[in-house]
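Read through the structure below, which is laid out as structure tokens, and then see the notes.
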Amino acid sequence: MAANSGWYTLPALERLFPEGLGGLGADTAALARWLAYPMIIFAGNQDINTGDPNLPAGSEALAQGEHRYARAHFMHDFAKREAARLGVPFNWQILTVDGIGHDGAAMSRAAASLWFEGRIPAFEELQAGSAPVL
């Protein structure tokens, strides 16, 4: 599971690390294993603050989208296209968590609930005990 990432290292061998996997010694077989691995990218649909001082603002990050919610979708879509281009299985999914912004506690509750209970709780339950994110 991945959630609320500021930016992603892309599943691309031709792009140098940290933008991609180039220069790390990874090969197409390793990339295919990663793309086939069941992974869930959690994306809070309110994680759209472009003024967050902790949001990476380098050119590589901005190319992935203007905020974390957009970047999560970019990563999923990029990986899906890469798997199709390579003709390998793709077992990732993107899961939108409604009403949640950049809130690690709420996203942790969502991930734990999915893992242990097979469900994503309602917004009110996810917010229980969370400090508001401005």
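Nothing in this text is a laboratory measurement; each read-out follows from the coordinates by a stated rule. Here the structure is a predicted model, which means the values were calculated and not measured. In this analysis, Cβ positions are derived from the backbone assuming ideal geometry, glycine residues included, and neighbour counts consider all displayed protein chains.
From its DSSP helices (H runs of at least four residues, each -39,500 (n - 2.57)), the chain gives a residue-normalised ellipticity at 222 nm of -11000 deg cm²/dmol. Within the listed set Leu95, Leu16, Leu55, the Gaussian network model of the chain (springs between alpha-carbon atoms below 10 Å) gives the highest mean-square fluctuation for Leu16. For Gly44, the amide hydrogen comes within under 5 Å of the amide hydrogens of Asn4, Val97, counting only partners 5 or more places away or on other chains and with H modelled in the peptide plane.
Relative to the current alpha-carbon distance between Glu66 and Glu117, full extension at 0.36 nm per residue lengthens the span by 15.1 nm.
From the alpha carbon centroid of the range 46-65 to that of the range 88-124 is 21 Å.
Amide H contacts under 5 Å for Ile94: Ile41, restricted to partners 5 or more places along the chain or on a different chain, H placed in the peptide plane at 1.01 Å from N. A simple rule links phi to the HN-Hα coupling: the Karplus curve 6.51 cos²θ - 1.76 cosθ + 1.60 with θ = phi - 60°, which for the range 41-56 gives 9, 7, 9, x, 6, 10, 8, 10, 6, 8, x, 5, x, 9, 8, x Hz, with x for Gly and Pro.
Whole-Hz Karplus values for the range 116-128 come out as 8, 10, x, 8, 9, x, 5, 3, 4, 5, 5, 6, 3 Hz, taken residue by residue from phi with 6.51 cos²θ - 1.76 cosθ + 1.60 and θ = phi - 60°; glycine and proline positions read x.
The relative contact order of the chain comes to 28 percent, based on Cα pairs under 8 Å that sit 6 or more residues apart. In this structure, the amide hydrogen of Leu13, modeled 1.01 Å from its nitrogen in the peptide plane, lies closer than 5 angstrom to those of Leu21, counting only residues at least 5 positions away or on a different chain.
Largest mean-square fluctuation among Asp103, Asp47, Asp27, in a Gaussian network model of the chain whose springs join Cα atoms under 10 Å apart, belongs to Asp27. Sparsely packed loop sites in the range 1-109 (the GluC sites (Glu not before Pro) outside DSSP H, G, I, E and B with at most 11 other Cβ atoms within 10 Å) comprise Glu14. Considering all different alpha carbon pairs of the chain, the Kirkwood hydrodynamic radius works out to 15.6 Å.
For the chain, the longest principal axis of the alpha carbon atoms and the long axis of helix 68-86 meet at an angle near 30°.
Residue-wise HN-Hα couplings along the range 95-110, as the Karplus relation 6.51 cos²θ - 1.76 cosθ + 1.60 with θ = phi - 60° gives them from phi, are 10, 7, 9, 5, x, 9, x, 7, 10, x, 5, 5, 5, 5, 5, 4 Hz; Gly and Pro carry x.
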